[in-house]
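Engineer: Input: one structure, supplied below.
The values are calculated or read from the model by the stated rules, or taken from the named source; none is laboratory data. Just so it is clear, the structure is predicted and the values come from calculations on it, not from any experiment. Cβ coordinates were reconstructed from backbone atoms using ideal geometry, including for glycine residues, and neighbour counts include every protein chain displayed.
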Amino acid sequence: MESIWMKTYDRKKNPALDGDVDTEAAVIGGGMAGILTAWRLQKAGIRAVVLEADQIGGGQTKNTTAKINSQHGLFCHEFIEKKGVETAEKYLQANQHAVEEYKRIIREEDIDCDLMEADAYVYSSDGERLRQEADAAQRLGMNASFESQIEIPVACSGAVRFPDQAHFHPLKFIGALADHLTVYEDTPVTVVDGNHIKTPCGTVRADKIVFATHFPFINFPGMYFARMHQERSCVAALEGAGAINGMYIGDREDSLSFRQFDKYILLGGQAYRTGENRDGGRYERLKAAGETIYPGSHVAACWSAQDCITADDIPFIGRYASDRPDWFVATGFKKWGMSSAMVAAILLTDMICGKENPYADIFAPSRFSAGELPQIVKDSGKAVKGLTKRFFHLPDETLSALERGHGAVVETPQGKTGVYKSDEGAIFQVDIVCPHLGCELTWNPDERSWDCPCHGSRFDYEGNLLDGPAQEGIQLPFR
Ligand SMILES: Cc1cc2nc3c(=O)[nH]c(=O)nc-3n(C[C@H](O)[C@H](O)[C@H](O)COP(=O)(O)OP(=O)(O)OC[C@H]3O[C@@H](n4cnc5c(N)ncnc54)[C@H](O)[C@@H]3O)c2cc1C
């Protein structure tokens with residue numbers, strides 16, 4: 001399902017790497033984080049190349065809602081309580097600086113990417129909580145306010161407003177930056193060994209290597225798989241819904257997000273942990289919400305995406321691991337990857353250039369606090385369940401009972417396999433074991449995909465890789 005960004009932007013792919021290259025910095029992954037980091041490195045005088053498996057922006061960035069925003073939910077009060085004022089202040093400052101940096105770069109480079117300044121709001125039916133959050137944000141230096149009325153028709157007691165945030169067209173933006181960079185597309189990195197990178201079409205030796213692959217795909221060192229999980233949500237572009245000035249999101253997991261793009265209101269919602277969408281129906285529910293809120297509107301595009309969530313809700317930006325001094329990482333953006341990608345680009349460029357950065361400690365991947373333990377235990381529990389499921393879980397269906405247009409784990413003469421029966425009755429069989437770390441995949445009826453409940457890898461019904469951390473498809477079994 002194509003996002004509104006894909007429908008409204010076209011760009012010719014760059015050629016793949018062809019041969020061997022020696023460079024000062026290699027950035028693996030050409031999403032928002034990778035392109036911004038390479039661009040800032042180049043501006044700082046570092047020779048950088050980008051190695052992108054498919055096409056730039058072709059990962060989660062093509063499916064974002066692209067609010068450029070330092071208001072990451074109602075986090076100020078909670079961060080002060082759980083992490084202390086200094087960490088909360090640094091987190092907010094780093095992201096607000098990132099918002100300003102987008103505006104500056106777009107203005108100075110004269111980038112045509114539909115940038116619009118807009119106030120950001122988090123709405124809630126808990127007025128007390130909103131007032132507390134507005135006070136906390138002010139204490140952290142933000143010019144925030146409590147608003148009792150908002151322009152969108154949702155039931156709430158008001159909202160917290162962050163002024164002068166922004167939104168844009170993410171693919172136009174990174175396309176414009178990439179025009180000034182050395183970017184190799186169709187160049188999947190298969191091995192990284194010290195300062196040497198292997199791809200099917202050549203090798204790169206780099207003094208410094210940045211992993212901007214959304215989910216870091218090297219499991220050891222780093223063990224990012226044990227410290228993050230992935231969550232998806234859906235977006236619908238509503239035409240004929242009128243126009244709004246601000247950007248909105250609710251304070252609950254099931255609440256909706258709103259922003260304007262051109263003649264569309266982008267309505268987001270239906271969040272769930274990747275791998276846990278057995279019953280489906282999420283697009284229908286989102287569309288129904290759109291029709292209720294904006295009667296007479298219709299859906300011009302509908303899509304979904306996923307993001308990595310760390311145990312303490314702060315991204316991992318910095319050294320990949322203590323024994324890999326030349327490797328860097330940017331991940332765990334918690335569905336706030338526009339400002340976080342800019343934070344990463346600034347911070348990693350400073351680190352690579354040997355410059356102090358005031359925010360390095362709070363984003364350092366090596367950090368650990370006891371407060372993260374409950375989430376880590378919860379995530380590990382999910383992973384153990386996904387791993388053991390393939391040994392103890394009985395198949396859901398038999399092949400003959402499987403309805404057209406459905407997928408399920410099926411007992412076949414060769415054993416347990418993943419089967420999708422198309423609307424025309426064609427059968428597609430895949431290995432049900434995730435090649436990342438061996439968990440049993442689950443069927444996602446909305447996307448017609450096989451999703452991993454442990455770490456969020458995804459595959460289409462033919463077995464092709466859609467999302468990492470896995471780096472290969474699920475082979476057809478019993479070949
Ligand atoms: C529904 C939804 C809405 C969102 N809306 C917002 C929003 O409004 N504002 C906001 O701030 N954030 C938002 N986010 C979050 C934001 O979209 C993401 O955090 C951001 O796009 C991630 O960018 P990235 O560069 O880290 O990853 P990606 O865009 O996924 O880029 C990673 C790239 O790495 C490449 N890659 C992977 N493995 C390899 C390899 N081995 N070799 C070479 N290349 C490789 C991939 O092909 C991909 O292009 C949203 C998220 C979701 C799920």
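Engineer: Would segment 167-182 turn up any residue that is assigned to a strand (DSSP E or B) and under 21 Å from the mean Cα position of the chain (by Cα)? Explain how you work it out, then say what you get.
Structural biologist: Of segment 167-182, the ones assigned to a strand (DSSP E or B) are 167, 182.
Adding the requirement that they be under 21 Å from the mean Cα position of the chain (by Cα) leaves 167.
There is at least one residue in segment 167-182 that is assigned to a strand (DSSP E or B) and under 21 Å from the mean Cα position of the chain (by Cα).
Engineer: Does segment 183-207 hold any residues that are within 22 Å of A16 (Cβ to Cβ), outside any loop (DSSP other than H, G, I, E, B) and not small (G, A, S), and which are they?
Structural biologist: Taking segment 183-207 and keeping what is within 22 Å of A16 (Cβ to Cβ), we get 183-193, 195-206.
If we keep only those that are outside any loop (DSSP other than H, G, I, E, B) as well, we get 183-184, 191-193, 196-199, 202-206.
Of everything in segment 183-207, those that are within 22 Å of A16 (Cβ to Cβ), outside any loop (DSSP other than H, G, I, E, B) and not small (G, A, S) turn out to be V183, Y184, V191, V192, D193, H196, I197, K198, T199, T203, V204, R205.
Engineer: A follow-up question, please. Tell me which residues, restricted to segment 39-96, are small (G, A, S) and touching a helix residue (DSSP H, G or I) at 6+ places or on another chain (Cβ under 7 Å).
Structural biologist: So the first thing to find is which residues in segment 39-96 are small (G, A, S), and the list is 44-45, 48, 53, 57-59, 66, 70, 73, 84, 88, 94.
Selection gives A44, A48, G57, A66, S70, A88, A94.
Engineer: Follow-up. Could you tell me whether segment 308-330 includes any residue that is within 26 Å of W443 (Cβ to Cβ) and not in a loop (DSSP other than H, G, I, E, B)?
Structural biologist: In the first step, residues of segment 308-330 are kept if they are within 26 Å of W443 (Cβ to Cβ); the result is 308-309.
After this cut, where a residue has to be not in a loop (DSSP other than H, G, I, E, B) as well, the list is 308-309.
Within segment 308-330, one or more residues are within 26 Å of W443 (Cβ to Cβ) and not in a loop (DSSP other than H, G, I, E, B).
Engineer: Could we say that E52 is acidic (D, E), more than 14 Å from the ligand (Cβ to nearest atom) and either under 23 Å from P358 (Cα atoms) or touching a residue at least 12 places away in the same chain (Cβ under 8 Å) (or both) here? Reasoning before the result, please.
Structural biologist: Working: acidic (D, E): yes; more than 14 Å from the ligand (Cβ to nearest atom): no; either under 23 Å from P358 (Cα atoms) or touching a residue at least 12 places away in the same chain (Cβ under 8 Å) (or both): yes.
Answer is no for this residue.
Engineer: If only one of G57, G34 is crowded, with 24+ Cβ neighbours inside 10 Å, part of a loop (DSSP other than H, G, I, E, B), among the small types (G, A, S) and modelled with pLDDT of 95 or more, which one is it? Quick ask: steps written out before the conclusion?
Structural biologist: Working: G34 fails: part of a loop (DSSP other than H, G, I, E, B).
G57 is the lone residue from the list that is crowded, with 24+ Cβ neighbours inside 10 Å, part of a loop (DSSP other than H, G, I, E, B), among the small types (G, A, S) and modelled with pLDDT of 95 or more.
Engineer: Further question: Does L238 satisfy the condition of being over 30 Å from A26 (Cα atoms), within 13 Å of the ligand (Cβ to nearest atom) and crowded, with 19+ Cβ neighbours inside 10 Å?
Structural biologist: Working: over 30 Å from A26 (Cα atoms): yes; within 13 Å of the ligand (Cβ to nearest atom): no; crowded, with 19+ Cβ neighbours inside 10 Å: yes.
Judged against the criteria, L238 is not a match.
Engineer: List every residue pair whose Cβ atoms sit under 7 Å apart, with the two residues 6 or more apart in sequence or on different chains, where the first one lies in segment 16-30 and is in contact (Cβ under 8 Å) with a residue 60 or more places away in the chain and over 19 Å from I46 (Cα atoms) and the second, anywhere, is more than 10 Å from the ligand (Cβ to nearest atom) and assigned to a loop (DSSP other than H, G, I, E, B).
Structural biologist: Pairs found: A16/C201; L17/C201; D18/C201.
Engineer: Looking only at segment 433-467, which residues are out of contact with any strand residue (DSSP E or B) (no Cβ under 8 Å at 6 or more places or on another chain) and either in the same structural domain as G275 (by TED's automatic domain parsing) or more than 25 Å from G381 (Cβ to Cβ) (or both)?
Structural biologist: Result: N464, single match.
Engineer: Here's another thing I want to ask about it. Q306 fails exactly one of the following numbered conditions: (1) touching a strand residue (DSSP E or B) at 6+ places or on another chain (Cβ under 8 Å); (2) away from the ligand (no atom under 15 Å from the Cβ); (3) touching a residue at least 40 places away in the same chain (Cβ under 8 Å). What is the number of that condition?
Structural biologist: (2)
Engineer: Going through segment 215-235 one residue at a time, which ones are near the ligand (Cβ under 8 Å from one of its atoms), not in a loop (DSSP other than H, G, I, E, B) and not polar (S, T, N, Q)?
Structural biologist: E231, R232, C234, V235
Engineer: Still on this structure: Does G73 satisfy the criteria of being at pLDDT 95 or above, more than 9 Å from the ligand (Cβ to nearest atom), within 24 Å of M351 (Cβ to Cβ) and of a type in the set (G, A, S)? Show your work before the answer.
Structural biologist: Details: at pLDDT 95 or above: yes; more than 9 Å from the ligand (Cβ to nearest atom): yes; within 24 Å of M351 (Cβ to Cβ): no; of a type in the set (G, A, S): yes.
No, not satisfied.
Engineer: Tell me the residue from I46, I28 that is within 15 Å of the ligand (Cβ to nearest atom), in contact with a strand residue (DSSP E or B) (Cβ under 9 Å, 6 or more places away or on another chain) and either not hydroxyl-bearing (S, T, Y) or not assigned by TED's automatic domain parsing to the domain that holds M351 (or both), please. Please lay out each step first, then the result.
Structural biologist: Values: I46 fails: within 15 Å of the ligand (Cβ to nearest atom).
Result of the check over I46, I28: I28.
Engineer: Sticking with this one: Which ones in segment 151-160 are surrounded by fewer than 21 Cβ atoms within 10 Å (Cβ to Cβ) and part of a strand (DSSP E or B)?
Structural biologist: none
Engineer: Here is a follow-up. Just a yes or no: is a residue in segment 146-158 within 24 Å of the chain's Cα centre (by Cα), modelled with pLDDT of 95 or more and over 27 Å from E89 (Cβ atoms)? Walk me through it before giving the result.
Structural biologist: Of all residues in segment 146-158, those within 24 Å of the chain's Cα centre (by Cα) come to none.
Within segment 146-158, none of the residues are within 24 Å of the chain's Cα centre (by Cα), modelled with pLDDT of 95 or more and over 27 Å from E89 (Cβ atoms).
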